[in-house]
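This report refers to the structure that appears directly beneath it.
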Amino acid sequence: MEEIIEKFRTGTHYMNIVSAVTEQELMNVNDVSEEYLGQKCVKFVPASGAATRMFKDLYTFLEDRKETDFISRFFDQLESFAFYEDIKEYVESNQLDKNITEDRLKIADSVIKSKLAYGSLPKALIKVHTYEENATTPIDEHIFEGEQYLNKDAVNLHFTIAKEHEELFNTYVKQALKEKENIDITYSFQKTETNTLAVDMKNQPFYLENGELFYRPGGHGALIENLNDLDADVIFIKNIDNVCHKSQVEDTIKSKKELASAGLEVQKQINGYISDILSDDYNLEDIALFIKENLNITLKSALTKEKALALLNRPLRVCGMVKNSGEPGGGPFVVDNGDYLDLQICEAAEINLKDEEKQKIFNSSKYFNPVDIVCFVKDHKGEKFDLLNYSNEDRYFISEKTHQGKEIKALEHPGLWNGAMHNWNTLFVEAPLTTFNPVKTVNDLLREGHRDVLSVR
């Protein structure tokens with residue numbers, strides 16, 4: 001407990017960013033193959049979150065009854081939402097006029113509370129896309145996408161879900177996998193032992209009314225435990241809400257194959273150098289050049305055999321990066337780690353934006369992290385890395401929250417693709433912007449990527 005409280009006292013550790021990643025640090029992928037399918041591939045989808053925040057504007061509208069641009073757009077295009085068919089009968093039978101405030105309130109209530117109860121469902125089960133034959137959820141789209149670039153005979157997907165949604169998830173998945181015996185879907189929960197202690201604003205342990213200490217879920221960084229438990233050689237990571245309409249999925253499939261191909265090629269090179277070192281038949285100059293030019297690791301001191309082995313024998317991740325279009329979130333940076341510079345994904349909260357130089361570097365970032373990552377988690381002997389050994393525990397996050405009306409501070413583990421993968425070897429590859437279609441609010445479903453390509457044109 002004292003160690004945890006000390007983290008609150010110390011506060012968030014800022015990353016020493018040296019520069020924003022440019023085209024120079026990005027890897028060019030020339031040869032795309034499906035050789036990676038010779039290994040066991042799993043798609044890992046963090047899907048624990050409820051959709052409450054996705055519908056926060058509708059909740060606010062129900063409370064204050066104020067018309068906003070967001071609300072106007074939602075109702076103007078109400079029929080465009082995939083879930084409209086499920087409330088259409090209710091709207092028509094009650095002769096509700098979507099242009100009248102009182103009726104808008106009833107419709108909003110039917111979406112998030114009384115009829116669909118979307119406000120309490122996980123994002124995974126929200127209908128997002130419309131097709132002639134049916135409407136689909138993110139689960140359906142992740143299955144379809146996985147079928148396009150995973151092993152055809154064994155499409156493996158793993159979702160992290162909330163315990164309270166287990167029955168709903170299983171019921172839906174059972175129906176979705178009818179007559180699809182080649183697809184295997186597993187799931188896990190964020191482990192309760194990764195929950196973290198909350199403190200008050202004076203950094204003292206926060207106690208609940210029953211006298212017990214208050215522990216909260218430790219953020220998505222805790223999912224490194226779930227990732228570590230997977231039986232796989234290659235793991236594709238993508239968020240639950242980042243899916244596109246099937247008519248626009250070609251860029252995504254191509255990009256995924258590029259990331260996996262690039263990773264496999266570099267993994268072969270790494271394993272070759274490790275074998276050379278272990279057989280005492282190696283050229284340190286060649287290895288130094290590979291570490292600098294291919295892995296983008298710039299050493300501050302001479303490379304030794306031991307240091308080369310330590311840097312090479314690590315998990316490898318290939319991260320797709322899209323052009324920065326102003327979305328909130330993290331990005332790719334060159335970071336000074338003390339002994340060397342390397343590539344990291346950093347969140348804004350990890351950067352001291354009060355420092356003019358760091359602010360300038362942050363603002364100059366041309367790329368954005370869409371969470372599109374392919375991980376290679378086996379070593380040169382084919383044995384699984386213990387991923388927990390490659391985290392940087394100092395990259396935790398501290399955020400201010402409220403609980404039962406009282407202000408508290410919450411501690412989050414180093415982010416899954418931030419500090420939890422800090423000591424991995426990292427490659428950045430540019431991905432098309434069309435591969436990034438997040439749904440943070442319900443109106444995001446009106447974006448081009450979530451509509452039939454023919455209707456868009």
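I'd like the residue in region 159-197 that is of a type in the set (Val, Ile, Thr) and part of a helix (DSSP H, G or I) and, out of all such residues, is surrounded by the most Cβ atoms within 10 Å (Cβ to Cβ). Quick ask: steps written out before the conclusion?
Of all residues in region 159-197, those of a type in the set (Val, Ile, Thr) come to 160-161, 171, 173, 183, 185-186, 192, 194, 196.
Next cut, part of a helix (DSSP H, G or I) only: 171, 173, 192, 194.
Values: 171: 11, 173: 19, 192: 11, 194: 17.
Ranking the candidates gives 173 first.
Quick one: in region 71-85, which of the residues that are out of contact with any Asp or Glu (no Cβ under 7 Å at 6 or more places or on another chain) and under 16 Å from residue 56 (Cβ atoms) is surrounded by the fewest Cβ atoms within 10 Å (Cβ to Cβ)?
The first filter runs over region 71-85 and keeps only residues out of contact with any Asp or Glu (no Cβ under 7 Å at 6 or more places or on another chain), leaving 72-85.
Now drop any that are not under 16 Å from residue 56 (Cβ atoms), which leaves 73-74.
On the way: 73: 14, 74: 26.
That would be 73.
Among the helices (runs of 4 or more DSSP H) lying completely within region 56-139, list those that include at least 2 residues that are of a type in the set (Lys, Arg).
Because the criterion is at least 2 residues that are of a type in the set (Lys, Arg), the helices (runs of 4 or more DSSP H) in region 56-139 that meet it are 101-109.
Looking for something more than 17 Å from residue 450 (Cα to Cα), in the same structural domain as residue 222 (by TED's automatic domain parsing) and of a type outside the set (Ser, Thr, Tyr) - is there at least one such residue anywhere in region 80-92?
Going residue by residue through region 80-92, those that are more than 17 Å from residue 450 (Cα to Cα) are 86-92.
Narrowing the set further to residues that are in the same structural domain as residue 222 (by TED's automatic domain parsing) leaves none.
No, region 80-92 has no match at all.
Got at least one residue in region 208-226 being touching a residue at least 12 places away in the same chain (Cβ under 8 Å), outside any strand (DSSP E or B) and among the polar types (S, T, N, Q)?
yes
For region 366-395, give me each residue that is of a type in the set (D, E, K, R) and more than 18 Å from the chain's Cα centre (by Cα).
Residues satisfying the conditions are 366, 378, 379, 381, 383, 384, 386, 393, 394.
Determine whether region 150-158 contains at least one residue that is modelled with pLDDT of 90 or more, within 17 Å of residue 125 (Cα to Cα), assigned to a helix (DSSP H, G or I) and assigned by TED's automatic domain parsing to the domain that holds residue 397. Steps first, please.
First, the residues of region 150-158 that are modelled with pLDDT of 90 or more: 150-158.
With the extra rule that they be within 17 Å of residue 125 (Cα to Cα), the set shrinks to 157-158.
Cutting the leftovers down to assigned to a helix (DSSP H, G or I) gives us none.
No, because not a single residue in region 150-158 is modelled with pLDDT of 90 or more, within 17 Å of residue 125 (Cα to Cα), assigned to a helix (DSSP H, G or I) and assigned by TED's automatic domain parsing to the domain that holds residue 397.
Kindly indicate whether any position in region 328-345 is at pLDDT 95 or above and in contact with a Gly (Cβ under 8 Å, 6 or more places away or on another chain).
yes
Here is a yes/no grid of residues against (1) aromatic (Phe, Trp, Tyr); (2) assigned by TED's automatic domain parsing to the domain that holds residue 255; (3) surrounded by fewer than 18 Cβ atoms within 10 Å (Cβ to Cβ):
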| site | (1), (2), (3) |
| --- | --- |
| 333 | yes, yes, no |
| 339 | no, yes, yes |
| 343 | no, yes, no |
| 359 | no, yes, yes |
| 370 | no, yes, no |
| 376 | yes, yes, no |
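Going through region 353-376 one residue at a time, which ones are more than 19 Å from residue 337 (Cβ to Cβ) and either of a type in the set (Phe, Trp, Tyr) or not in a loop (DSSP other than H, G, I, E, B) (or both)?
Matches in region 353-376: 356, 359, 360, 363, 367, 368, 372, 373, 374, 375, 376.
I'd like the full set of residues that are among the acidic types (Asp, Glu) and touching a helix residue (DSSP H, G or I) at 6+ places or on another chain (Cβ under 7 Å), limited to region 111-156.
First, pick out the residues of region 111-156 that are among the acidic types (Asp, Glu): 132-133, 140-141, 145, 147, 153.
Correct list: 140, 145.
Among 446, 454, which is the only one that is surrounded by fewer than 16 Cβ atoms within 10 Å (Cβ to Cβ), at pLDDT 95 or above and farther than 30 Å from residue 272 by Cα? Please lay out each step first, then the result.
On the way: 454 fails: at pLDDT 95 or above.
None of the others qualify; the one that does is 446.
Out of curiosity, is residue 309 under 19 Å from the mean Cα position of the chain (by Cα), among the aliphatic types (A, V, I, L, M) and not in a strand (DSSP E or B)?
Details: under 19 Å from the mean Cα position of the chain (by Cα): no; among the aliphatic types (A, V, I, L, M): yes; not in a strand (DSSP E or B): yes.
Taking the combined requirement at face value, the residue does not satisfy it.
Might you let me know whether region 24-46 holds any residue that is outside the structural domain of residue 190 (by TED's automatic domain parsing), surrounded by 12 or more Cβ atoms within 10 Å (Cβ to Cβ), among the hydroxyl-bearing types (Ser, Thr, Tyr) and modelled with pLDDT of 95 or more?
Looking for residues that are outside the structural domain of residue 190 (by TED's automatic domain parsing), surrounded by 12 or more Cβ atoms within 10 Å (Cβ to Cβ), among the hydroxyl-bearing types (Ser, Thr, Tyr) and modelled with pLDDT of 95 or more, one finds none in region 24-46, hence no.
Conditions first: (1) crowded, with 18+ Cβ neighbours inside 10 Å; (2) on the phi > 0 side of the Ramachandran plot. Residue 329 passes all but one, so which condition is the exception?
(1)
Of the numbered conditions (1) more than 21 Å from residue 441 (Cα to Cα); (2) under 24 Å from the mean Cα position of the chain (by Cα); (3) surrounded by fewer than 19 Cβ atoms within 10 Å (Cβ to Cβ), residue 120 satisfies every one except a single condition; which is it?
Residue 120 satisfies every listed condition except (1).
Restricting the search to region 378-409, which residues are among the hydrophobic types (A, V, I, L, M, F, W, C) and either closer than 25 Å to residue 16 by Cβ or not assigned by TED's automatic domain parsing to the domain that holds residue 10 (or both)? Talk me through it step by step, then tell me what you get.
Our first condition is that a residue be among the hydrophobic types (A, V, I, L, M, F, W, C); within region 378-409, this holds for 385, 387-388, 397-398, 408.
387, 388, 397, 398, listed by residue number.
Can you pull out the residues in region 4-25 that are closer than 22 Å to residue 359 by Cα and not polar (S, T, N, Q)?
Residues of region 4-25 closer than 22 Å to residue 359 by Cα: 10-25.
Hits for region 4-25 are 11, 13, 14, 15, 17, 18, 20, 21, 23, 25.
If only one of 103, 97 is surrounded by 15 or more Cβ atoms within 10 Å (Cβ to Cβ) and over 33 Å from the mean Cα position of the chain (by Cα), which one is it?
Numbers: 97 fails: surrounded by 15 or more Cβ atoms within 10 Å (Cβ to Cβ).
None of the other options fit; the residue is 103.
Being among the aliphatic types (A, V, I, L, M) and not in a helix (DSSP H, G or I) is the filter; apply it to region 237-281 and report the residue that is nearest to residue 129 (Cα to Cα).
Just the residues of region 237-281 that are among the aliphatic types (A, V, I, L, M), to begin with: 237, 240, 243, 249, 253, 259-260, 262, 264, 266, 270, 274, 277-278.
Next, only the ones that are not in a helix (DSSP H, G or I) stay: 237, 240, 243, 249.
Values: 237: 21, 240: 14, 243: 10, 249: 13 Å.
Checked region 237-281; the qualifying residue nearest to residue 129 (Cα to Cα) is 243.
Just the residues that are among the acidic types (Asp, Glu) and within 17 Å of the chain's Cα centre (by Cα), please, taken from region 396-437. Quick ask: steps written out before the conclusion?
Looking only at region 396-437, we keep the residues that are among the acidic types (Asp, Glu), and these are 400, 407, 412, 430.
Of everything in region 396-437, those that are among the acidic types (Asp, Glu) and within 17 Å of the chain's Cα centre (by Cα) turn out to be 412, 430.
The values are calculated or read from the model by the stated rules, or taken from the named source; none is laboratory data. In this text the structure is predicted, and so the values were computed from the model without any measurement. Quick reminder, even Gly has a Cβ in these numbers, built from the backbone with ideal geometry, and neighbours come from all protein chains shown.
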